[in-house]
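A quick write-up on the structure given underneath.
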Amino acid sequence: MILGKGVHFLTRTLNIGGGSAAPGYYALKIDPDLVVHLASQIPCTIIITGTNGKTTTARMLAQFAKESGLKVIRNHTGSNLERGIASALLSHFPLLTSHLPDLAIWELDEAAFNKVIPKLKPDMIVFLNAFRDQLDRYGEVDSVVKKWCQTLKVVDPKTSIFINGDDHNLLALKDCFKGSVQTFGLESNKITGERATMQNKTHKLDFEARNIKLNGLTGSSFLLQTTNYKLQTTLPVPGIYHVYNFLAAYILAKKLDISDEYILNSLKTFQPAFGRVEKFDFGYIFLIKNPTGATQVLQTLAPELKSNDRLLLALNDNLADGTDVSWIWDIDFEQCKVQPFGFAQGESAKCKVFVSGTRAEDMALRLKYADIDPKQIAIENNLERAFEEARIGLKGRLFILPTYTALLELQRLLTKRGLKKHYWKEAT
Amino acid sequence: MKLVIGYLYPDLMNIYGDTGNIIALKKRAEWRGIEVEIKNISIGDRLKPRDADIFFFGGGQDMAQGLVASDLVKSDKGKMIRQEIERGVPLLSICGGYQLLGDYYGPHEGSKLPGVGLFPAYTIASYDRMIGNIVVESEFGKLVGFENHSGKTHLKKGAHALGKVLQGFGNNGEDALEGCIYNATRYKKRRDEIASDYKNAIGTYMHGSLLPKNPKLADWLLQKALAIKYGKEIQLKPLDDALEEKARQAAIAKFC
């Protein structure tokens, strides 16, 4: 553990990374049971998994918990593999047991979940969704859900399990778990997920968001209906997908006995995580990782775009992005029939689009086939140059939609220019 | 002019971004003033002769593929597709679609899953996952795409490959061949078959999506469809493919 702390200090001091995974990597090499040793001393463990929304949900829940006075530990920089957890434990674990955190919030990706769950023995698990994502890495949705099912079969029946009841694929998990399962979802505007053969039965939800009103980029409001009470909620982050993230965080917080007062209070100051609808002086950054998430982002964004706004789409095909770029053809650009997508009531699109990244040409082509005039599209593979060009003469806002490694690159660029703090220095 | 694209099992066989091929066919026809209708054909639907002028059949998840395989046989759609292909209707099938149109699929355990028997090819399950960018030399020039499969497809004697693998695995990672172009006259000589050498059905492992970055192949499918539907050769108006070519060349340069 001392060694791990040393590596952690070194990587941060030498500025070769946020120090979010390297110490854990080395520590796990030395002591493979490290996660078990340390994690088992924390009184309550919560696991958040799913394709999209893990980081935002974890961040929201952590904020609710802190507001209510709980001490929280989590793998908070999107480093959600086993070694990310080990690193978080190493850097934040107190040397005195009297200073132990009350609560651990771990976000786990689709694959790490099955590996880590038996070791962590969580008190609560929430499944956010199962969308197709990086098929070259995670495999098909059916096989992801099947493996989750197998893992759930051996989870202690006393564990509290929460499932997004609108995602048809996830409903199958109810039968895999011996204990009881609660569901959450939306009354309308449901994101139903990948299952093609729709189930006709409408599923009764335990926590439901009703009368949802979307207020552009500023957020949304809705009535949260549970089995025995109602709560009017205002969410300061935009998009339907964030309503799901909030519901998940809310349910977990209630299970922790955090009062609505703390929750609603801390929501007011909630800031989205690292590139998830992150606001800057020049505009916004929306991370895009997979077709469902990207389509959701576009649906949120499209009605807000004005003709002097600009878009910068950065598509990389590194391992962490997925090496297959086919998924961009499943993003529903066609559905966003507003500027700059060329359909605005006979008016030709004016909003300029920049594409960048290792597969910028593929993204440009995708836009061409969504009826954006190629003359409107500027291709610049180098993200730094693309970012500079996109800001020259910018009168409106710049919306940047990067894939994961492009987002990391952007963070470095913004830090270099003093537009952003090191992400690991951000307040958690 | 109007073309109907028959999209086979779009709800079940669409997981690898193959919808981009439909988008490419539709747009490239519309940019030339040809009206396009997309007809979704799935489980329970009936398929009649001349329902579609082009067929597209994408890749799906394993479970979906089982459902589709049995529907193709039970509903006679498989037979109808074959009959239409013999008439010269063009088809593009990718990954799972390609496998299901072959002779059979041999899983790790259990009995062979019979295919539609269009392509003179069979597929055997393997424990290797063949994933990555792929570049193929073909009569349509260099084709570029992305493959992700564990089934190994072997062409039978007399079958024509779509092309030769320059980068990647292709049909099976062993014989450097990729895909199959069905050749009606040479594969199954039928008594009353038209003598002409139709080669209008293509099976391949290339996602990407394939057609947007390989517009020559997209136009070939459109041209074949028009020729069969209207009974004469129709020249397609040339399009400005500078961006398509740029994307294709960038991918080839990166991976080959």
**Study point:** Any chance A:VAL277 is surrounded by 22 or more Cβ atoms within 10 Å (Cβ to Cβ) and part of a strand (DSSP E or B)
**Key:** yes
Revision key, fill the gap. Scanning the range B:198-256 for residues that are charged (D, E, K, R), more than 14 Å from chain A (Cβ to nearest Cβ) and part of a helix (DSSP H, G or I), the one farthest from B:HIS154 (Cα to Cα) turns out to be B:LYS229
Revision key, fill the gap. Within the range A:170-191, residues within 12 Å of A:LEU152 (Cα to Cα) and of a type in the set (Asp, Glu) come out as A:ASP175
Check your understanding: Taking the range A:96-141 on its own, how many of its residues are under 15 Å from the mean Cα position of the chain (by Cα), closer than 19 Å to A:VAL35 by Cα and β-branched (Val, Ile, Thr)?
Key -> 1
Study note, to complete from the structure: Across the range B:121-139, the tally of residues that are at pLDDT 95 or above, under 18 Å from the mean Cα position of the chain (by Cα) and away from chain A (no Cβ under 14 Å) stands at 7
Review point. Residues of the range A:222-277 being more than 30 Å from A:PHE399 (Cα to Cα) and either of a type in the set (S, T, N, Q) or not assigned by TED's automatic domain parsing to the domain that holds A:GLU187 (or both), which ones?
Key: A:GLN225, A:THR226, A:THR227, A:ASN228, A:GLN232, A:SER259
Review point. Restricting attention to the range B:1-27, which residues are within 20 Å of B:ALA225 (Cβ to Cβ), of a type in the set (Ser, Thr, Tyr) and either in contact with a His (Cβ under 9 Å, 6 or more places away or on another chain) or within 7 Å of chain A (Cβ to nearest Cβ) (or both)?
Key: B:THR19
Check your understanding: Name the strands (runs of 3 or more DSSP E) wholly within the range A:284-385 that hold at least 3 residues that are buried (at least 18 other Cβ atoms within 10 Å of the Cβ) and at pLDDT 95 or above?
Key -> A:310-314, A:352-356
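Restricting to strands (runs of 3 or more DSSP E) lying wholly in the range B:77-164: which have 1 or more residues that are crowded, with 23+ Cβ neighbours inside 10 Å?
Filter on the range B:77-164 gives B:91-94, B:121-124, B:130-138, B:141-149, B:152-155.
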Practice item. State whether one or more residues within the range B:27-36 are charged (D, E, K, R), crowded, with 18+ Cβ neighbours inside 10 Å and within 30 Å of A:PHE131 (Cβ to Cβ). Key: yes
Check your understanding: For residues in the range B:41-55 being within 13 Å of chain A (Cβ to nearest Cβ) and surrounded by 13 or more Cβ atoms within 10 Å (Cβ to Cβ), which is nearest to the chain's Cα centre (by Cα)?
Key -> B:SER42
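The values are calculated or read from the model by the stated rules, or taken from the named source; none is laboratory data. From a predicted model like this one, the values you see are computed outputs, not experimental measurements. Virtual Cβ from ideal backbone geometry, glycine too; neighbours counted across all protein chains shown.
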